[in-house]
Amino acid sequence: MLPKTILNADLHCHSVVSDGTLTPEVLAKRAKTNGVELWALTDHDEIGGQHRAAAAARAQGLRHLTGTEISVTFAGETVHIVGLGFDPDDTALHQGLHKTRGGREQRARDMAESLAEAGIPGTFEGALKFVSNPELISRTHFARFLVESGVCRETSEVFRKYLTEGKPGYVPHRWATLHDAVSWITKARGIAVIAHPGRYKFTANEEYALFTEFKTHGGQAVEVVTGSHTRQEYVKYAGVAKEFGLAASRGSDFHSPDESYTDLGALPFLPDDLTPVWELLAERIQ
Ligand code: AMP
Ligand code: MN
Ligand code: MN
Ligand code: MN
């Protein structure tokens, strides 16, 4: 028998409901075509696409879990917490995410003002052209406009020169607390997952605090194999998963065929000495 980790699960990607460029339906089809065997759509701070994703997965004969990716502020950094397998109609989860989305419009106006001061006018209106869900205007939409208008060649260049700490267009923002994000997910009968831990600029002590507090609040898993990690980080976070007794997740973080380096389903399997998060979610898979 194959180890239970050998499954082409892709439990992290984005649609037009947040900052992806494809619809939930097109993503489900692409996942199926790419050989994905278990799929979740994890739009930022938003679960408005979940019923569409479930229906699209069913139409493709693709196993599916509900998903989201919640923005959290921890130790002065933005951390992302993925939720999987929750009830998509849970009222408290809807309310919590609504509140988390709340400050995005003002933040976007402030970002545009900062960019205007740096000599780049019109970016709020420019970014809006790329937005499908007005509550979810994000840095990604600004990045697309800066590429379209020729300020940068590609979105990765935008994030090197703009929109990040110390650069024009950066506006600090307070997102949800770690406790709230984990509670919303677990109370909706889902599993909370630390997304792409290798991306955060934490000291070893801060990272330890993140994992410890996440566990205390009821978090149960961590992304080990993700499009955001290097091979060394797969090994590092496999060790961290074991150290903290966390299950492991796997996801591309696919946003767009034009921007994402990792396509849906195109990742190595999880190391076989880990507990895959889908083992904890067996009853929630549809
Ligand atoms: P926001 O939630 O508005 O802060 O936007 C965050 C999003 O920006 C992330 O989910 C990514 O899609 C995108 N992003 C952040 N940093 C980078 C980067 N270095 N390169 C490409 N995209 C990035
Ligand atoms: Mn994103
Ligand atoms: Mn993320
Ligand atoms: Mn993501």
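The values are calculated or read from the model by the stated rules, or taken from the named source; none is laboratory data. Nothing here was measured: the structure is a model prediction, and the numbers come from that model. Ideal geometry is used to build each Cβ from the backbone, glycine not excepted, and the neighbour counts take in all protein chains shown. Quick note on the areas: whole protein, heavy atoms, side chains included, nothing else; ligands and nucleic acids left out. Shrake-Rupley method; radii C 1.70, N 1.55, O 1.52, S 1.80 Å.
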Probe 1.4 Å, heavy atoms of protein chains only: per residue, the accessible area of segment 172-286 in Å² is 47 Å²
In whole Hz, with x marking every Gly and Pro, tabulate ³J(HN,Hα) for segment 16-30 from phi via Karplus 6.51 cos²θ - 1.76 cosθ + 1.60, θ = phi - 60°. 4, 5, 10, 10, x, 10, 10, 6, x, 5, 5, 5, 4, 5, 5
Under a 5 Å amide H to amide H cut-off, with H placed in plane at 1.01 Å, what residues pair with residue 225 once short-range neighbours are removed? 249, 251
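Between beta-carbons, use under 14 Å as the cut-off and find the net charge around residue 168, counting Lys and Arg +1, Asp and Glu -1. Kindly include the intermediate steps, with their values, before the conclusion.
Working: positive: 139, 160, 161, 167; negative: 110, 113, 117, 157, 165.
Summing Lys/Arg as +1 and Asp/Glu as -1 gives -1.
Once the convex hull of the C-alpha atoms of the chain is built, how many Å³ does it hold per residue, rounded to a whole number?
Spread over its residues, the Cα hull of the chain gives 118 Å³ apiece.
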Can you compute the modelled spin-label distance between residue 37 and residue 94, with each label point 7 Å from Cα toward Cβ, in nm? 3.5 nm
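Once a ≥ b ≥ c are taken as the square roots of the eigenvalues of the Cα gyration tensor of segment 95-160, is the result rounded (a/c under 1.5), prolate (a/b larger than b/c) or oblate (a/b not larger than b/c)? If you can, show how the numbers build up before the last one.
Values: a/c = 2.17, a/b = 1.70, b/c = 1.28.
Since a/c reaches 1.5 and a/b is larger than b/c, the shape of segment 95-160 is classed as prolate.
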Contact order normalised by length for segment 134-286, with contacts defined as Cα pairs under 8 Å and 6 or more residues apart; what percent is it? 16 percent
Testing the spin-label approximation: label points 7 Å from Cα along Cα→Cβ at residue 189 and residue 279. State their distance in nm. 2.3 nm
Within the set 68, 177, 100, GNM on the chain using Cα springs under 10 Å gives the largest fluctuation to 177
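Assuming 0.36 nm per residue, please report the length gained on full extension of the stretch residue 75 to residue 266 beyond their Cα-Cα distance. Intermediate results must be reported in sequence, preceding the final value.
Numbers: separation 191, 0.36 × 191 = 68.76 nm, distance 3.24 nm.
Length difference between fully extended and current span is 65.5 nm.
Counting only pairs 8 or more places apart or on different chains, how many lysine pairs in segment 125-224 have C-alpha atoms closer than 26 Å?
Values: 129/161; 129/167; 161/201; 167/201; 187/215; 201/215.
Close lysine pairs found across segment 125-224: 6.
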R0 = 41 Å: FRET efficiency of residue 235 with residue 256, Cβ-based, nearest 0.05? 0.90
Where nothing but the Cβ of Lys and Arg (+1) and of Asp and Glu (-1) is charged, how large is the charge dipole of segment 33-88 around its Cα centre, in debye to the nearest 20? 320 debye
With unit charges on the beta carbons (Lys and Arg positive, Asp and Glu negative) and the dipole taken about the Cα centre of the chain, which residue among 36, 184, 229 sits farthest to the positive side? 36
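State, as an integer percentage, the relative contact order of segment 1-105 based on alpha-carbon contacts under 8 Å between residues 6 or more apart. Walk me through the numbers before you get to the answer.
Numbers: 184 pairs, mean separation 24.5, N = 105.
Relative CO of segment 1-105 lands at 23 percent.
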Residue of 191, 120, 137 that the Gaussian network model of the chain assigns the largest fluctuation, springs spanning Cα pairs under 10 Å: 120
Summing -39500 (n - 2.57) over every DSSP H run of at least 4 in the chain, dividing by its residue total and rounding to the nearest 500, the 222 nm mean residue ellipticity is -11500 deg cm²/dmol
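What share of the DSSP beta bridges in the chain is antiparallel, in percent to the nearest 5?
Counting only bridges with both partners in the chain, antiparallel ones make up about 45 percent.
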Where the only charges are on Cβ atoms (+1 Lys, Arg; -1 Asp, Glu), what is the dipole of the chain about its Cα centre, to the nearest 20 debye? 220 debye
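Work out which GluC sites (Glu not before Pro) in the chain are exposed loop sites (DSSP not H, G, I, E or B, at most 15 other Cβ within 10 Å) and give the longest gap free of them.
Details: sites that count: 37, 154, 165.
Maximal segment without exposed cleavage sites: 166-286.
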Under 5 Å from the placed amide H of residue 200, counting only residues 5+ away or on other chains, we find none
Site residue 87, offset 7 angstrom along Cα→Cβ, radius 18 Å on amide nitrogen, limited to segment 249-286, gives 281-286
Length-normalised contact order for segment 112-154 - Cα pairs under 8 Å, 6+ apart - percent: 28 percent
Under the classification rounded if a/c is under 1.5, otherwise prolate if a/b is larger than b/c and oblate if not, where does segment 1-112 fall, given a ≥ b ≥ c as square roots of the Cα gyration tensor eigenvalues? prolate
Can you tell which of 217, 44, 80 shows the greatest fluctuation in a Gaussian network model of the chain with Cα springs below 10 Å? 217
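If you place +1 on the Cβ of every Lys and Arg and -1 on the Cβ of every Asp and Glu, how big does the dipole about the Cα centre of segment 1-105 come out, in debye to the nearest 20? Mind dumping the intermediate values first?
Values: 10 positive and 13 negative charges, 83 e Å.
Here the size comes out at about 400 debye.
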Residue 242 to residue 173: FRET efficiency via 1/(1 + (r/R0)^6), r the Cβ-Cβ distance, R0 30 Å, to the nearest 0.05? 0.35
Summed residue charge, Cβ within 12 Å of residue 250's Cβ, Lys/Arg positive, Asp/Glu negative: -4
Neighbourhood net charge (12 Å Cβ-Cβ; Lys/Arg +1, Asp/Glu -1) for residue 27: 0
Counting only protein heavy atoms, what percent of the accessible surface of segment 1-156 is carbon or sulfur at a 1.4 Å probe? 52 percent
Looking only at segment 1-109, where both bridge partners belong to it, what percent of the DSSP beta bridges are antiparallel (to the nearest 5)? 60 percent
Please name whichever of 194, 26, 100 sits farthest to the positive end of the charge dipole of the chain, dipole taken about the Cα centre and charges placed at Cβ: Lys and Arg +1, Asp and Glu -1. 26
